[in-house]
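The values are calculated or read from the model by the stated rules, or taken from the named source; none is laboratory data. All values derive from a computational prediction rather than experimental measurement. Cβ sites come from the backbone with ideal geometry, for glycine too, and all protein chains shown count toward neighbours.
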């Protein structure tokens with residue numbers, strides 16, 4: 001029994017050592033592209049580009065400001081001052097008090113995230129912005145507009161999490177949403193991680209209801225919506241709705 005416990009402890013130590021090493025490597029290879037703004041002790045990473053009316057971009061789950069910098073922002077910055085922000089716990093933005101820790105399953109609500117991002121953009125003088133939210137960032141964009149309806153020029157939803165999801169997403173998400181899952185998910189051995197992700201994607205991305213009348217299957221946006229996993233996949237077009 002003692003030998004088994006010792007082996008388990010050794011395995012946990014090795015996995016966390018390797019995870020820490022990979023985290024340090026990622027930090028070296030992908031430093032902040034913008035500036036770090038202190039919001040009551042919480043670091044918020046903000047990247048701006050261009051001139052013109054303010055346009056705020058909020059990325060989706062497991063993303064960061066680099067999601068926008070491949071090509072998209074270069075086009076928008078010709079007409080707008082584009083403000084990209086890392087959401088809490090992603091990229092170079094920190095977590096809110098009480099939400100930190102690898103084994104902590106508590107997460108910032110869309111309203112809490114929106115409030116933090118708003119306070120960061122206030123510091124750099126953002127006024128009456130158009131707010132763009134992709135995937136889970138769409139829920140944060142909606143929370144932004146609800147909190148400041150008279151100070152938001154418009155909301156653009158890109159394959160956004162904005163509607164109820166019928167049914168459940170399976171045991172994978174229950175595990176990942178737990179304290180144990182939150183601390184160990186990204187430390188799983190690659191074969192197990194890939195298998196779990198493959199199962200999760202097949203359940204979440206593939207539509208389980210009939211396509212809307214008159215709309216071909218290839219044009220139906222496919223997204224998964226869960227507390228910590230939201231992303232579009234394999235659709236020729238994605239949904240875009242502007243609310244102003």
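Per the conditions (1) over 15 Å from the mean Cα position of the chain (by Cα); (2) closer than 17 Å to residue 152 by Cα; (3) not in a helix (DSSP H, G or I), the sole criterion not satisfied by residue 102 is (2).
Looking at 67, 38, 74, 54 in this structure, which one is under 17 Å from the mean Cα position of the chain (by Cα) and in the same structural domain as residue 100 (by TED's automatic domain parsing)?
Details: 38 fails: under 17 Å from the mean Cα position of the chain (by Cα); 74 fails: under 17 Å from the mean Cα position of the chain (by Cα); 54 fails: under 17 Å from the mean Cα position of the chain (by Cα).
The conditions single out 67.
Of the residues that make up segment 110-125, is at least one modelled with pLDDT of 95 or more, assigned to a loop (DSSP other than H, G, I, E, B) and within 17 Å of residue 65 (Cβ to Cβ)? Scanning segment 110-125 turns up at least one residue that is modelled with pLDDT of 95 or more, assigned to a loop (DSSP other than H, G, I, E, B) and within 17 Å of residue 65 (Cβ to Cβ). Considering every residue within segment 37-49, establish whether at least one is in contact with a helix residue (DSSP H, G or I) (Cβ under 7 Å, 6 or more places away or on another chain), surrounded by 10 or more Cβ atoms within 10 Å (Cβ to Cβ) and not in a strand (DSSP E or B). No - not one qualifying residue is present in segment 37-49.
Here 194, 208 are screened, and the one residue that is surrounded by fewer than 21 Cβ atoms within 10 Å (Cβ to Cβ), assigned to a helix (DSSP H, G or I) and modelled with pLDDT under 85 is 194. Only one of the listed residues (160, 107, 141, 111) is within 17 Å of the chain's Cα centre (by Cα), in the same structural domain as residue 44 (by TED's automatic domain parsing) and farther than 26 Å from residue 40 by Cα. That residue is 160. Taking segment 66-99 as the range and being out of contact with any strand residue (DSSP E or B) (no Cβ under 9 Å at 6 or more places or on another chain) and assigned to a strand (DSSP E or B) as the test, no residue passes.
Checking each residue in segment 132-154 for being over 16 Å from residue 72 (Cβ atoms) and buried (at least 23 other Cβ atoms within 10 Å of the Cβ) picks out 136, 139, 140, 144.
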